[in-house]
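One structure is given here, and the rest of the page talks about it.
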Amino acid sequence: MDKQTVVVLFGGRSSEHSISSATAGGVLGAIDRDRYDVIPVGITREGAFVLEDDDPAKFPLDAAHLPEVVDNGSRVLWPEPGGNRTLRVVHPDGTLEQRGEIDVVLPILHGPHGEDGTIQGYFDTLEVPYAGGGVLDSALCMDKHFMKVALQAAGIAVAPWVTVRRREWDADAAAIRARAEELGLPLFVKPARAGSSVGVSKVTAPEELDAALAVAFAEDDKVLIETGVVGREIEVAVLEGADGVRASLPGEIVLTSRGFYDFEGKYLGGDGVDVVCPAVLTDAEIAAVQEAGVRAFEAVDGRGLARVDMFLTAAGDLVVNELNTMPGFTPISMFPKCWVASGLTYGDLITELIEAGLRR
């Protein structure tokens, strides 16, 4: 069988640049080299596409020294629509190298300019196949307000919330405080369009709201104030395969001393949180979580993959918190852990994602 050429695309302009780069280290080390030729392409923090080294060790998940894509002077020239799919690279000395035709791009990008539909639209315009979410589901799930609207329209329970823009807060902070008070305590304040818990704060007293909004507004001028749901934090991985959409065994985020599942707990192995997969659930609860995950995926017109995060309350109700269309893929991330617990290896998971992209 002839090998197909996969561009592994990582880095990016968002605050999650280093996590994407660390994910690349895992993917480059686990991708099936007997099946695929790999071209690593990094995106610098300034947005330049550069040819990167095909070296997993260059991009370790090290909390003390997180990896990043550095501008090495090369520039990647993507194929143009209507022609062949030859990828070209301009090297720092000005020489032009033909890297051959590419078959599919695997974007492992998090946050704005990567997980929000923009890069997906770019590759649609270039007529280059890619793995993972599409334009619509990526854009919907990047904006927590519209994600909730779509889920509610499909009859899926979400936490009560109000959406606030910076201009509204600046014009009448007292009115915003009054609306927040109606939601009760605790509250979670979140940027509408940031991922990985960046800019998220837990509010346990009214006087904490202003500071939490300041943190969130530093990331986005559109912010959500949500009622804190009391329940077990359950996550399920959803994958679009050749035979349709399926869900993994669920996992659980168990907080021991951390207030909520923040950036450090998600990616850097911070103390105070345990990532447990599979979660200890009854068969009926597992089936309900899997069904809710697939329903949420379909409600946002999901493609490729997603991690669906939800709360399981003491009454047995499921409240969907959010969907991530490019979930964390590092060794300690829930998405690959759930599939490993379900019998799919990390390498096979990468293969499924690539093959789904090739089928488009």
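The values are calculated or read from the model by the stated rules, or taken from the named source; none is laboratory data. All values derive from a computational prediction rather than experimental measurement. Cβ atoms come from the backbone with ideal geometry, glycine included; neighbour counts cover every protein chain shown. To get the accessible areas, we keep the full protein, side chains included, count just its heavy atoms, and leave off ligands, DNA and RNA. Shrake-Rupley method; radii C 1.70, N 1.55, O 1.52, S 1.80 Å.
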| field | Every residue from the stretch 71-95 that is among the β-branched types (Val, Ile, Thr) and either touching a residue at least 12 places away in the same chain (Cβ under 8 Å) or open to solvent by less than 50 Å² (accessible area, probe 1.4 Å) (or both) | value | Val76, Thr86, Val89, Val90
| field | Qualifying residue in the stretch 194-201 (condition: in a strand (DSSP E or B), over 20 Å from Asp137 (Cβ atoms) and touching a helix residue (DSSP H, G or I) at 6+ places or on another chain (Cβ under 8 Å)) | value | yes
| field | All positions within the stretch 206-239 that are out of contact with any helix residue (DSSP H, G or I) (no Cβ under 6 Å at 6 or more places or on another chain), open to solvent by 20 Å² or more (accessible area, probe 1.4 Å) and not in a helix (DSSP H, G or I) | value | Ala218, Glu219, Thr227, Val229, Val230, Gly231, Arg232, Glu233
| remark: Counting only strands (runs of 3 or more DSSP E) entirely within the stretch 1-54, those with at least 1 residues that are in contact with a Gly (Cβ under 6 Å, 6 or more places away or on another chain) and surrounded by fewer than 24 Cβ atoms within 10 Å (Cβ to Cβ) are 49-51
| message | Just to be sure before I move on: is Gly133 in contact (Cβ under 8 Å) with a residue 40 or more places away in the chain, crowded, with 17+ Cβ neighbours inside 10 Å, part of a loop (DSSP other than H, G, I, E, B) and in contact with a strand residue (DSSP E or B) (Cβ under 8 Å, 6 or more places away or on another chain) in the structure I sent? | response | yes
| query | Within the stretch 107-121, can one find any residue that is more than 18 Å from the chain's Cα centre (by Cα) and farther than 14 Å from Val300 by Cβ? | reply | no
| said: Looking at Ala306, Ala284, Ala279, can you tell me which residue is over 17 Å from Val200 (Cβ atoms), outside any loop (DSSP other than H, G, I, E, B), open to solvent by less than 40 Å² (accessible area, probe 1.4 Å) and modelled with pLDDT of 95 or more? | reply: Ala306
